[in-house]
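Novice: Structure below; questions to follow.
Each value in this text was obtained by applying a stated rule to the coordinates, not by laboratory testing. The structure displayed is predicted, hence computed values, not measured ones. As a convention, Cβ positions derive from the backbone with ideal geometry for all residues, glycine included, and neighbour counts pool all protein chains shown.
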C-alpha cells in the first residue's frame, strides 16, 4: 500500500447537470443569478423537471482541482462520499480513469449522489442549485490515518464546513496531516461560504492550515477588509502562504516577506469561466509539490486557469503542460 | 387524451457516454475505428473502466431526430424503453423537457438503461460501443393503439430490428399506422444494420413504409447497388419517397417521377459530424408534416444537418429556425 501521493483532496463529490437557460428561467425558479444555493431533494426534483435537456459530467470544486492536477501529471488521491448509484459510478469512474486513488468506496446505502444543477445563461453566467445528498453523510470516521495516507499536501474544500460533521472531520484531517508532516491547503470555496464559517476558517488558518487558495473576494470576506491594499496589510498578521486569484488582474502570492505578482494571460475569447480558480489551484499546487519557485507555481496556475476559461468544461484536459512554456 | 402529434419516434433509448481518446485506445480494446458495435454488460464495464473521464448526454439516432423535431417547434411523441435508473431518468427528462410526449413509463425492473460509449479521436471520428440493455426488452405489447396514438407520421429506427421482438413490434407498428392513416418513415440507421436485416427492410419498404430516410451507403446496401447512378435506376422500382443524404454532395429526394437535388451548405468548420443525418431527418420531416414542397423539406433538412456539424453535440438546439431563411 503506497499512500504517498503528492496531493490528496477532501471535498464534496458532485456530478454537474448542465443546461443552457433563458434569463427568465431564473425568475421562474426564484434563483439569484450567479449564486450557488444548497437545495433539498424535493427542490432538486422540481428544478430538474423544469429545466431543459442537460449534459452530465463530474464536477465539484476541489474534485476539479484534483482531476486537473492528475491531468498535469501529478499523483493524487481523493476523499469524498458518493453512493453506489449511477451518478456515483460516473463520479468515481471519472476520478479513477485519471489515475486518482479514490480512497472511499461508494456507499451501499444512504442518500443519492450529490448533483449540482448548473444553469447557464446566454452571457455564460452560471447559477448553481446544488443537492449535496451523499456528501452530507461524509463522517469523521471516513478520515483515518489509512484513508489520509501520507500525501505531500492535502487540499480541503471550504464547502466541507457546510456538512454536519464537516468541522470535526476537517479538524481530524488537519491533525493527521500535522502528525505526518503533510502540508495543509485550504480552498475558501466562495465568499458566501466564508461568511457562513468565517470564525472557523480563521481559526483553521491560524492553527492548522499552511496554504490558502482563494479569490480576492473570499480573502476579503475572511479578513473583513474592503480594498485589496487593506487585504495585503491584514495578511501581515499571518504566517500562511496565500495564493490569491484576481480574475483579469492576475494573481498575487503572499508568503511572509515575499509578494509575487503574476499578470493574467491575454485571453482571446472567454468561453466559460467555470473552474478557472480550481484550475489555477491545480497548476499552482502542481508547481508547489514539485518544489518549484513560487513565481513559477503562479505562472503554471495562471496558464491552467487561462486554458480552462477558453474551453467548455471546468476540468483541465490531459497533456496541457505540453503547450506550456 | 390527445395522441395526434405530428411525429412519433420508435427507437432505442440510449444515453451517450462521450470521451476523447488517443488512437491507440481503439487498438487496446480491439475496436474498428468509426464502427458501431453492440456489446454486453461485461464488455461495457470493461470498456468504461478503461476509458477516460466522460460526459453523459441523451442520444440515440431517432431519439435525436425526435428531440430535434421538437426543438424546431413540431409536436412529437416517443416510444423507447428505459429502466427507472438514473440514466433512464436522464433520458426521459431530456425528452420531456422538450415537450416530447414519452409514451412508455420507465420500467421498474429488467436490464439497466442502454448506454453507448462514444470514443472520439483527435480527428473527430467516433467509434461507438453500445450496450442496449433495457432497449432489448422493448416488446410487441409496448406497441398498442394507445401508445401509438394517431400521429401524422411515425419514424421507426432500423436498429430496432436488432431487438429480439424488433421485427414483430415494427410489423405491429406499421399495421396500426396503416389503420390510422399514419405515414410510416423508416431510418436505415447504418449500412451494417441494413446488411444484417436487408430482406426484412426490403419487405418493409415494399409493403408498409412510405418514406425512407438514409445516407447513400445505406441505400446502396438496401438495393445492393455499387454506384449512385445505379442506385437511382434501382429506385425506379419503388413507390416510396426516398430522402438520401450524401455528405458534402448534399441530398437527393426521389419520389416517383420527382427527383430533387439539394446542394450541401458551405461549411466554415466541421466541429463534429455526429447527428448530421438525424438532424437532416428532423428538418426534412418537419417540412413534410407541415405540408411543405419536397424541395423546401430538403432545404430545411440541409440547414439542420449543416448546423449540427458545426456544433458539439448531436441534437438541434431550440430556436434554430429563427436563423433559417
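Novice: Compare A:55, A:121, A:231 in a GNM of chain A, Cα atoms joined below 10 Å, and give the one with the largest fluctuation.
Specialist: Fluctuation is largest for A:55.
Novice: Continuing with the same structure: Counting every Cα pair in the stretch B:224-316, what percent are over 17 Å apart?
Specialist: 49 percent
Novice: I need the per residue convex hull volume for the stretch A:71-156, using only the alpha carbons, in cubic angstrom as a whole number.
Specialist: 132 Å³
Novice: Tell me, what is a quarter of the convex hull surface for the C-alpha atoms of the stretch B:145-259, in nm² with one decimal?
Specialist: Orientation-averaged projected area of the Cα hull: 7.2 nm².
Novice: For chain B, how big is the tail of P(r) above 28 Å, as a whole percent of Cα pairs?
Specialist: Within chain B, distances greater than 28 Å cover 36 percent of Cα pairs.
Novice: For chain A, modelled as a GNM with alpha-carbon contacts under 10 angstrom, which of A:144, A:274, A:245 fluctuates the most?
Specialist: Of A:144, A:274, A:245, the most mobile in the Gaussian network model is A:144.
Novice: Could you state the orientation-averaged shadow area of the convex hull built on the Cα atoms of the protein assembly as shown, in nm² to one decimal?
Specialist: Projected area, direction-averaged: 29.2 nm².
Novice: A further question follows. Spin-label point model (7 Å from Cα, Cβ direction): what's the residue B:35 to residue B:192 distance in nm?
Specialist: 0.5 nm
Novice: Turning to a different aspect of this structure: How high is the relative contact order of chain A, in percent, with contacts defined as C-alpha pairs under 8 Å that are six or more residues apart?
Specialist: In percent, rounded to a whole number, it is 18.
Novice: Can you give the calculated 222 nm mean residue ellipticity of the protein assembly as shown, where each DSSP H run of n ≥ 4 adds -39,500 (n - 2.57) and the sum is split over every residue, rounded to the nearest 500 deg cm²/dmol?
Specialist: -10500 deg cm²/dmol
Novice: Between copies, how far apart are the residue A:28 label points? List them in nm, one decimal, shortest first, with each point 7 Å from Cα toward Cβ, please?
Specialist: Copy-to-copy label distances for residue A:28: 4.2 nm.
Novice: Same structure, new question: If we hang a label 7 Å off Cα along the beta carbon direction at residue A:123, how far is it from the matching labels on the other copies, in nm, shortest first?
Specialist: 4.3
Novice: Using 15 Å as the cut-off for backbone N distance, which residues of the stretch A:263-282 belong to the label zone defined by a point 7 Å from the Cα of residue A:322 along Cα→Cβ?
Specialist: Under 15 Å, as judged by backbone N against the label point of residue A:322, lies no residue of the stretch A:263-282.
Novice: Quick one: if the Förster radius is 35 Å, what FRET efficiency do residue A:259 and residue A:180 give, using the C-beta to C-beta distance and rounding to 0.05?
Specialist: The calculated FRET efficiency here is 0.70.
Novice: Would you kindly give the portion of the calculated P(r) for the stretch B:149-191 that falls above 12 Å, as a percent of all Cα pairs?
Specialist: Of the Cα pairs, 58 percent sit more than 12 Å apart.
Novice: Given a Förster radius of 51 Å and the C-beta distance between residue A:46 and residue B:226 as r, what FRET efficiency does 1/(1 + (r/R0)^6) yield to the nearest 0.05?
Specialist: Using R0 = 51 Å, I get an efficiency of 0.35.
Novice: While we're looking at this one, here's another question. Can you list the distances in nanometres, one decimal and ascending, from the residue B:203 label point to the identical position in each other copy, with the point 7 Å along Cα to Cβ?
Specialist: 7.7
Novice: I would also like to ask the following. Just A:273, A:207, A:150 to compare: in a GNM of chain A, with alpha carbon springs under 10 Å, which one fluctuates most?
Specialist: A:207
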